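The values are calculated or read from the model by the stated rules, or taken from the named source; none is laboratory data. What you see is a predicted model; the values in this text were computed from it and never measured. So basically every Cβ, Gly included, is an ideal-geometry build from the backbone, and we count neighbours across all protein chains shown. Quick note on the areas: whole protein, heavy atoms, side chains included, nothing else; ligands and nucleic acids left out. Shrake-Rupley method; radii C 1.70, N 1.55, O 1.52, S 1.80 Å.
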Amino acid sequence: MKTSKCWVWFKGSLNKGGYWKEGFTCTFDESPGVLIESPAYVTCRVPSWRVLTREPENLYKSPQIPEKAIWKII
């Protein structure tokens with residue numbers, strides 16, 4: 001199990017595009033996806049394409065989003 005600081009991709013709204021949000025701790029373990037935690041959000045598990053462990057060069061540049069992407073793993 002590995003834990004690190006990370007940025008999480010949020011898809012935004014109709015008026016505002018997506019963005020990378022900092023302030024999360026991510027845990028990589030044997031379960032599918034990545035467990036993300038932050039005092040400001042409910043702890044949940046998301047697919048790995050939504051997570052970066054290095055600060056993105058552009059906070060508004062979208063990651064490669066898979067077709068029919070799952071945004072949250074329940």
Regarding T27, is this residue in contact with an Asp or Glu (Cβ under 9 Å, 6 or more places away or on another chain) and not acidic (D, E)? yes
Within the stretch 11-24, how many residues are exposed (fewer than 15 other Cβ atoms within 10 Å of the Cβ) and out of contact with any Leu (no Cβ under 9 Å at 6 or more places or on another chain)? 8
Scan the stretch 31-52 residue by residue and report those that are open to solvent by less than 70 Å² (accessible area, probe 1.4 Å), in contact (Cβ under 8 Å) with a residue 24 or more places away in the chain and assigned to a loop (DSSP other than H, G, I, E, B). G33, P47
Counted residues in the stretch 1-45 being more than 18 Å from S62 (Cβ to Cβ) and among the charged types (D, E, K, R) come to 6
Which is in contact with a Ser or Thr (Cβ under 9 Å, 6 or more places away or on another chain) and of a type in the set (S, T, Y), of T27, T43? T27
